[in-house]
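Reading through the structure tokens given below for one structure.
The values are calculated or read from the model by the stated rules, or taken from the named source; none is laboratory data. Not measured: the values here are computed from a predicted model. As a convention, Cβ positions derive from the backbone with ideal geometry for all residues, glycine included, and neighbour counts pool all protein chains shown. Accessible surface is based on the protein model in full, side chains and every heavy atom, while ligands, DNA and RNA are left aside. Shrake-Rupley method; radii C 1.70, N 1.55, O 1.52, S 1.80 Å.
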Amino acid sequence: MLWEGLYDSAGQSALCRKEEMMEQVIEQGVFYLKKCLIALKWAERLAPLMSLCRQLKDEGIDCQVMLSEELWEYRTNQGLLSPEEEEGILYLTDDAGVYSSLAEESGREPPVLIYLHPDNANEDFGNARYALQEPEETETEYLERVYRRCHNLPWEILVTERCWLRETVEEDVDSFWEMYQAPELTRYTERLYPTPEAERRYVRDYRRLVYSFYEYGVWTVLDRRSGAVVGRAGLSAREGYELPELGFVIGCKWQGRGLAGEVCAGVLEYAQKQLGFERIQALVHEDNSVSLHLCRTLGFREQMPPVGGQRAGEFRFPPVEMEQNGRRERFVYMVYQSG
């Protein structure tokens with residue numbers, strides 16, 4: 001799906017201070033993780049973790065290493081009774097017993113990263129979602145993202161010259177709702193759910209089912225200067241199609257500034273370098289001349305659609321017919337090839 005398309009300057013000095021703070025945080029890449037507790041069942045497995053420990057300390061993150069049996073004494077001495085009270089702490093362990101105890105104590109998925117190696121290959125780590133096998137190649141940003149996922153906190157995705165993208169949160173819905181009131185915004189894109197409450201429920205499910213499964217999706221676009229919501233952009237998986245799909249929408253008040261091209265170029269670069277996607281698809285409404293031009297500028301080219309193509313002599317390739325906002329519409333199938 002291709003989406004297409006609010007900034008009033010005030011308090012310039014305050015906005016500049018906010019921009020400087022925001023840029024510093026984004027460049028750091030660490031918001032929430034403050035301490036990494038490494039609890040090892042096999043002491044000899046510490047050596048491969050040493051480079052990661054040095055990285056953590058270089059980033060200003062406290063890193064403490066102990067054996068599994070020492071962990072509970074440490075927690076008792078620190079007065080840390082539950083994961084909820086351990087804000088900023090991520091556990092890294094190769095001991096299934098540590099994981100299961102923390103999970104039982106918290107009653108939910110604990111902030112734990114599993115260290116897998118040949119000695120614990122047969123251990124049962126239950127429902128643990130995140131693990132590493134090559135700690136020498138692991139970066140602190142990955143640990144930060146694991147911590148955020150365990151605490152339902154949004155990932156920061158990428159920064160462009162004027163915008164930054166992060167995962168969507170429920171608080172964004174109010175901005176989306178105001179943005180989507182403009183009739184011209186939904187001419188070529190799907191409308192929101194009928195009520196803000198329904199849209200918030202959708203966002204909650206989307207975060208749980210899409211971000212956690214694919215580790216990509218449609219993200220919120222914000223202005224780097226003010227932090228205001230500018231629109232949405234990202235990648236989605238369409239049923240029946242193999243390629244990830246580029247989509248975007250920019251609020252009407254922000255259009256005409258080249259933000260869509262800037263953001264989409266960033267998404268395409270992220271898709272290649274961070275996600276390993278060499279080809280990206282787009283489905284553009286046949287009447288959406290602005291988006292067709294933008295996609296061609298970005299390097300998209302029309303191709304034969306893998307499914308849903310309809311005969312139409314005026315097209316070099318047949319369009320795809322799909323339902324959008326209760327109507328049957330026709331879309332041009334395009335593909336971007338990196339490199």
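Would you rank Phe125, Phe31, Phe176, Phe213 by solvent-accessible area, highest first, keeping every protein chain in place and using a 1.4 Å probe? Write down the numbers at each step before the final one.
Details: Phe125 25, Phe31 55, Phe176 0, Phe213 150 Å².
Heavy-atom accessible area, descending, gives Phe213, Phe31, Phe125, Phe176.
Computing the accessible area with a 1.4 Å probe over protein heavy atoms, can you report the carbon and sulfur percentage for the chain?
Numbers: 7910 of 16980 Å².
Carbon with sulfur: 47 percent of the solvent-accessible area.
Below 14 Å, Cα to Cα, which aspartates and glutamates can Lys57 reach? Residues fewer than 8 away in the same chain don't count.
Glu139, Glu141, Glu144
Take the alpha carbon atoms of the chain, find their radius of gyration, then divide it by 2.2 N^0.38 Å using N residues; give the quotient. Please list the in-between numbers first.
Numbers: Rg = 22.9 Å, N = 339, 2.2 N^0.38 = 20.1 Å.
Computed over Cα atoms of the chain, the ratio equals 1.14.
Ignoring everything but the protein chains, give the 1.4 Å probe accessible area of Val307 in square angstrom, nearest 10.
60
Given labels modelled 7 Å from the Cα in the Cβ direction, how far is it in nm from Arg108 to Glu44?
Each label point lies 7 Å from its Cα, and together they span 4.0 nm.
Which of the trypsin sites (Lys or Arg not before Pro) found in region 233-302 are loop residues per DSSP with 14 or fewer other Cβ atoms within 10 Å of their Cβ? Intermediate results must be reported in sequence, preceding the final value.
On the way: sites: Arg238, Lys253, Arg257, Lys273, Arg279, Arg296, Arg301; in loops: Arg238, Arg257.
Sparse-neighbourhood loop trypsin sites (Lys or Arg not before Pro): Arg257.
State the antiparallel share, in %, of DSSP beta bridges confined to the chain, rounding to the nearest 5.
Numbers: 36 of 53 bridges.
Percentage antiparallel, nearest 5: 70.
Within straight cross-link reach of Lys253, meaning Cα distance under 14 Å, which aspartates and glutamates are found once same-chain residues fewer than 8 apart are removed?
Glu4, Asp8, Glu178, Glu184, Asp223
I need the GluC sites (Glu not before Pro) found in region 43-150, filtered to DSSP loop residues with at most 16 other beta carbons within 10 Å of theirs.
The qualifying sites are Glu87, Glu123, Glu139.
At 1.4 Å probe size, with every protein chain present, just tell me what the per residue accessible area of the chain comes to in Å². Please list the in-between numbers first.
On the way: 16980 Å² over 339 residues.
Per-residue value: 50 Å².
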